[in-house]
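See structure below.
The numbers here are math on the coordinates, done by the rules we state, and not lab data. Fair warning: this is a prediction, and the values are worked out from it, not measured in the lab. Here the Cβ positions follow ideal geometry from the backbone for every residue, glycine too, while neighbour counts run over all protein chains shown.
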Amino acid sequence: MVVEPKVKGFICTTAHPKGCEESVKRQIEYTKKKGTVEGPKKVLVIGSSTGYGLASRIAVTYGYGADTIGVAFERESNGKRTATAGWYNTMAFEKFAKEDGYYAKSFNGDGFSKQMKEEVIACIKEDFGQVDMIVYSMAAPRRTMEDGTTVTSVLKTVGEPFTNKTIDLRNNEIKEVTVPEANEEEIRATIQVMGGEDWKEWIRAMHDAGVIKEGAVTLAYSYIGPVVTHAIYKDGSIGQAKNHLYDTSVELTKEFADIGLKAYISVNKALVTQSSAAIPIVPLYISLLYKVMKEAGLHEGCIEQMDRLFRDKITGEVETDEEGRIRLDDYEMKDEIQKKISEIWDSVDSESIQELGDIKGYWDEFYNMFGFGYDNVDYTENVEI
Ligand code: NAD
């Protein structure tokens, strides 16, 4: 069928198979051009189908020459409705990786479940023996616990409600939004979904099964950001989960010292992904950030960030801040970048956003995520979904 974008608020409910393939291809080409460096050779990526996880998988495959196993939770097409972008991305990645001589196997299902962990561990035993890197890049709205109950994460503040500017993604209008505060139960649930508990369950199950190589590295991703987003991010319910994720990294390194495992948090840049589009205030910040970083020649997307992470930050001596975190938000947090954004933040409104922000850049990346907007893809053509 002819596939067109159907955008509803911050989500696109269709995805283009050829466009997703193009998106994966371009990310592969970026890393391929940079050549390979010495690094892990057997890598598990949990949350491997979109955003930072997909870019991680591409960066380790083409930057380290690694074989990969990926885990993601995506929807296949039912013949009438397209599959999700992550499903097409995964198909495309496997195709390219195999053509280039790499092992690439993907599991589609609930990464929180014990069953998925068992299946992946069995596959590692069979095909790899052991892995030397585990990337945990899952971003989920909810988690089904082992007893069958479901907990849902929230994007709310902690303490008191917070009012600030946001962009209404339906019409690009700047307006005020009040983000309510989360209650105790919501904070607990957000930590259960987006904190480090499941990461630890993966590592523990893998350690006990003997599938982690001595001296392996495990990574999970976090965000800090500037003061304008602190109430909703760093100090909000998601920030509590990210604190838990950080604490988990410290615990993992201690708990699995017997195999010399090193666990790190990488603090990444704010980027357009399916997860970040859902956070109030953050999309407006991202559109200003893109404008300022592009003007400064410092803009990076997922693949540029992940390529820099695996190529420069964790091979050899691991580069961290005093708290042991890898800082890939170093360009984003530069004083001159943040100073410019806070100057713009106060004055930006619905009229000036087109000029002061990079609305086009935001939307281009948004459409690209679902395989739309590539000039070399014919969107009038019938495609197999
Ligand atoms: P994303 O939505 O693009 O990717 C999420 C991935 O998780 C997908 O592969 C999805 O299939 C998978 N997933 C979701 N639920 C799952 C489940 N139940 N079982 C298995 N897989 C599941 O998100 P992203 O923005 O790339 O986020 C990845 C990580 O990076 C998160 O920890 C996020 O907080 C962090 N991060 C994001 C940003 C940003 O601006 N986007 C910045 C810094 C850090």
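Loop-only GluC sites (Glu not before Pro) in region 255-339, please: DSSP not H, G, I, E or B, and at most 14 other Cβ atoms within 10 Å. Mind dumping the intermediate values first?
On the way: sites: GLU255, GLU295, GLU300, GLU304, GLU317, GLU319, GLU322, GLU323, GLU332, GLU336; in loops: GLU300, GLU317, GLU319, GLU322, GLU323, GLU332.
Taking region 255-339 and a limit of 14 other Cβ atoms within 10 Å, the loop GluC sites (Glu not before Pro) found are GLU317, GLU319, GLU322, GLU323.
Loop-located GluC sites (Glu not before Pro) in region 1-107 (DSSP state other than H, G, I, E, B) with a sparse environment of at most 16 neighbouring Cβ atoms within 10 Å: GLU38, GLU76. With springs only between Cα atoms under 10 Å, which of LYS80, LYS25, LYS33 fluctuates most in a Gaussian network model of the chain? Highest fluctuation among the options: LYS80.
Give, in nm to one decimal, the length gained when the segment between ASN376 and GLU351 is fully stretched (0.36 nm per residue of separation minus the Cα-Cα distance). Intermediate values should be presented prior to the final figure.
Values: separation 25, 0.36 × 25 = 9.00 nm, distance 3.24 nm.
Computed gain between ASN376 and GLU351 is 5.8 nm.
Here the label points at GLN130 and LYS95, each 7 Å from Cα along the C-beta direction, are separated by 3.7 nm in the simple model. Between PRO226, ILE286, TRP202, the Cα set farthest toward the positive side of the dipole of region 192-344 (charges on each charged residue's Cβ, about the Cα centre) is that of ILE286.
In whole angstrom, how long is each semi-axis of the equivalent ellipsoid of region 1-141, when you take the square root of 5 times every eigenvalue of its Cα gyration tensor and sort them from largest down?
Details: eigenvalues 126, 72, 31 Å².
Output for region 1-141: semi-axes of 25, 19, 13 Å.
Sketch the reach of a paramagnetic label on GLU201 as a point 7 Å from Cα along Cα-to-Cβ, and name the residues of region 121-162 whose backbone nitrogen lies under 20 Å away. The answer is 121-124, 134-154.
Region 57-79 and region 220-251 have Cα centres spaced 26 Å apart. In this structure the amide hydrogen of GLU173, modeled in the peptide plane, comes within under 5 Å of the amide hydrogens of ASP168, none closer than 5 places in sequence on its chain.
Which entries of LYS156/LYS291; LYS18/LYS80; LYS8/LYS340; LYS18/LYS98 have Cα-Cα distances beyond 21 Å here? Those over the limit are LYS156/LYS291; LYS8/LYS340. Across every direction, the projection of the convex hull enclosing the Cα atoms of region 111-270 has a mean area of 10.9 nm².
Given the -39500 (n - 2.57) contribution per DSSP H run of 4+ residues, what per-residue ellipticity at 222 nm results for the chain, rounded to the nearest 500 deg cm²/dmol?
Values: 13 runs with 152 residues, N = 385.
Computed ellipticity for the chain at 222 nm equals -12000 deg cm²/dmol.
Spin-label pair LEU298-ASP321: with each label point 7 Å from Cα along the Cα-Cβ axis, the two points sit 1.4 nm from one another.
Rounded to the nearest 20 debye, the dipole magnitude of the chain is 640 debye, with +1 charges on Lys and Arg beta carbons, -1 on Asp and Glu beta carbons, and the Cα centre as origin. Here, the chain is characterised by an Rg to Rh ratio of 0.95, where Rg is the alpha-carbon radius of gyration and Rh the Kirkwood radius. Taking every C-alpha pair closer than 8 Å and separated by at least 6 residues, the mean separation divided by the residue count of region 46-189 gives a relative contact order of 19 percent. The simple Förster model, with R0 at 41 Å and r as the Cβ-Cβ distance, assigns LYS33 and THR253 a FRET efficiency of 0.75.
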